[in-house]
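The values are calculated or read from the model by the stated rules, or taken from the named source; none is laboratory data. These numbers were taken from a predicted model, which means no experiment stands behind them. Counting neighbours? That spans all protein chains shown, and the Cβs are built from the backbone with ideal geometry, glycine included. Only protein heavy atoms, including side chains, enter the accessible area calculation; ligands, DNA and RNA are left aside. Shrake-Rupley method; radii C 1.70, N 1.55, O 1.52, S 1.80 Å.
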Amino acid sequence: MLSHNKLKDETLYLEASKIAVVPNVSMYHRFLNWMSGEFELYLQDDSNGLKVYFPSGCLSVRLIQSIRADVYFEIHVKSKNKFLGTQMHRQALSVLDQIYKFEKTM
């Protein structure tokens, strides 16, 4: 698992991103599907990756590049509420961990 974390943190504002890689396109699409299900109560736009709108911001997953079989993508959260933004970011990373564990069992 290759990752890069970036955190911009102010008093009431949070912007966090993580670049991750999965070994194939089907795993990336499975991740998008699971993310959509995890945040099904929020307004979503899946026209370019996945964007989830919550009351104080948004969470997005976008494809960066695909090299051979590896798929690189970014999970990005922008929130006016630091607590809620952090919670959404952790929840997205938890889904990513579940995807990795699921793939190992197959």
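Annotations
- Tally of residues being open to solvent by less than 20 Å² (accessible area, probe 1.4 Å), aliphatic (A, V, I, L, M) and over 9 Å from the mean Cα position of the chain (by Cα) across region 41-77: 2
- Condition met for residue 97 (open to solvent by 70 Å² or more (accessible area, probe 1.4 Å) and either in contact with a helix residue (DSSP H, G or I) (Cβ under 8 Å, 6 or more places away or on another chain) or among the small types (Gly, Ala, Ser) (or both)): no
- Of the candidates 36, 26, the single residue that is part of a helix (DSSP H, G or I) and out of contact with any strand residue (DSSP E or B) (no Cβ under 9 Å at 6 or more places or on another chain) is 26.
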